Amino acid sequence: MGTHQYVDDPRNASILININGELFPRSEAKISVFDSGFILGDGVWEGIRLHEGYLAFIDQHMRRLYDGAKALDMDIGISKEALVQRIYDTCKANDMHDGVHIRLMVTRGLKATPYQDPRVTISDATIVIIAEHKKPLGMDANEGVTLFTSHVRRGYPDVQDPKLNTHSKLNCIFACIQAAKAQVDEALMLDPHGFVATCNSTHFFIVRDGEVWTSSGDFCLDGITRRNVINVCKEHQVPVYERNFTLADVYGADEAFITGTFAGLTPVSMIDGRVIGDDPSNPMTKKLESLYVQRIKAEHRQAQTNNPSQPC
């Protein structure tokens, strides 16, 4: 299961899935074989958390989703506000309030025939919302995930822009397969110049001498959790740098951690067979994890002020 291991929840067998505004039982939730997402991976998506009744960092997720759709010249067909309400309605229909992970997927829609040209699209966009009861599988104290550096590089934006959160993820899947074959949790990926870029499904940070480093961001998605961790560092006077660095810097780091919407911050214990750091308690990672949780709660307090009636 890699870095996305979760606690199995039997309630997920009976969830309702939202397809284009209509709810279907899990076993009946289907899309056409002529859908652009199935045929071509032509679409954009977001992973979102429902935390204590509110969608965490939802404005940032919507901005990224609609920016991605615009880059693909794809009309989602409804407003951001209406889409957010549809997500809340889906969670309410499933009696969900906390510990929920949502996969929001938007494809270009149905094709008249299996072909890549957007001009043969004959329907509005397909919008699928899958909300599941999903909590990360806890780790023992001082435990961390393991990484392996993949030969698969993050590419230039004129080939496939890595800043777009599209359904086309084959390079990340190749890297993930390589990590699985190496019997580790996730793949670390380099940019075309050999600098550290990101992981196949999470973002990567190291800690050196009290400083927090992450990649320049030129060859990775600007992750929501990644950006919020960077902002948390700035707000609390923790030196943080978006910069180029190499595997030599990584192997000698005091700590390393990954970030993602699903699990927040997760420590990394080993990369390419090298144990990271001398202190397995990962004090900086734990500090930033606490500050990140505080940031989520602060956003929720603001959301409650703006909307006193709790959405879920």
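Values quoted throughout were computed directly from the atomic coordinates according to the rules given, and no laboratory measurement underlies them. Predicted model only: the values in this text are computed from it and were never measured. With ideal geometry, Cβ positions are generated from the backbone for all residues, glycine too; neighbour counts draw on all protein chains shown.
Cβ-Cβ distance of Lys135 and Asp89, R₀ of 35 Å, FRET efficiency by 1/(1 + (r/R0)^6): the value works out to about 0.95. Over region 115-235, the alpha carbon radius of gyration divided by the compact-protein estimate 2.2 N^0.38 Å works out to 1.26. With the Cα gyration tensor of region 1-42 giving a ≥ b ≥ c as the square roots of its eigenvalues, does the rule (a/c under 1.5 for rounded; else a/b larger than b/c for prolate; else oblate) give rounded, prolate or oblate? Oblate is the answer for region 1-42, as a/c is 1.5 or above yet b/c matches or exceeds a/b. Considering helices alone, the calculated mean residue ellipticity of the chain at 222 nm is -9000 deg cm²/dmol, with DSSP H runs of length four and up weighted by -39500 (n - 2.57) and normalised per residue. Scaled against the 2.2 N^0.38 Å expected of a compact globular protein of N residues, the Cα radius of gyration of region 212-312 reads 1.23. Applied to region 294-305, the Karplus parametrisation 6.51 cos²θ - 1.76 cosθ + 1.60 on θ = phi - 60° returns per-residue 3J(HN,Hα) values of 4, 5, 4, 5, 5, 5, 5, 4, 5, 5, 5, 5 Hz, with x for Gly and Pro. If you build the convex hull over the alpha carbons only and average its shadow over all orientations, what do you get for region 2-133? Give it in nm² to one decimal. Spelled out: convex hull of the Cα atoms, projected over all directions, averaged, 8.4 nm².
Looking only at Cα atoms, what is the convex hull volume of region 153-193 per residue, in Å³? Working shown, then result.
Working: hull volume 3.1 nm³, N = 41.
Convex hull volume per residue, Cα atoms: 74 Å³.
Taking amide hydrogens as modeled 1.01 Å from N in the peptide plane, which residues meet the under 5 Å criterion relative to Gly43, leaving out close sequence neighbours? Excluding prolines and chain starts, which carry no amide H, the hits are His167, Ser168. Applying 0.36 nm per residue to the separation of Ala71 and Tyr241 and subtracting their alpha-carbon distance, the gain on full extension is 58.4 nm. Site pair Ser27 and Ala180 shows an inter-label distance of 2.7 nm when each label is modelled 7 Å from Cα along Cα→Cβ.
List, in the order given, every pair from Lys30/Lys80; Lys234/Lys297; Lys92/Lys134; Lys30/Lys163 whose Cα-Cα distance in the structure shown is over 20 Å.
Details: Lys30/Lys80 24 Å; Lys234/Lys297 18 Å; Lys92/Lys134 16 Å; Lys30/Lys163 29 Å.
Over 20 Å Cα-Cα: Lys30/Lys80; Lys30/Lys163.
May I ask for the Rg/Rh ratio of region 145-298, computed from Cα atoms with Rh as the Kirkwood radius, given to two decimals?
Dividing the radius of gyration by the Kirkwood radius yields 0.94.
Couplings for region 131-148, taken from phi via the Karplus curve 6.51 cos²θ - 1.76 cosθ + 1.60 with θ = phi - 60°, read 10, 10, 6, 8, 10, x, 6, x, 10, 5, 4, 6, 8, x, 7, 10, 10, 9 Hz in order; Gly and Pro are left as x.
In angstrom, the C-alpha Rg and Dmax of the chain are 19.7, 59. Going by Cα centres, region 84-142 and region 200-260 are how many Å apart? After rounding, the separation between the Cα centres reads 28 Å.
Which whole-number percentage describes the relative contact order of region 145-298, with Cα contacts under 8 Å and a sequence gap of 6 or more? Walk me through the numbers before you get to the answer.
On the way: 287 pairs, mean separation 35.8, N = 154.
Over region 145-298, the number comes to 23 percent.
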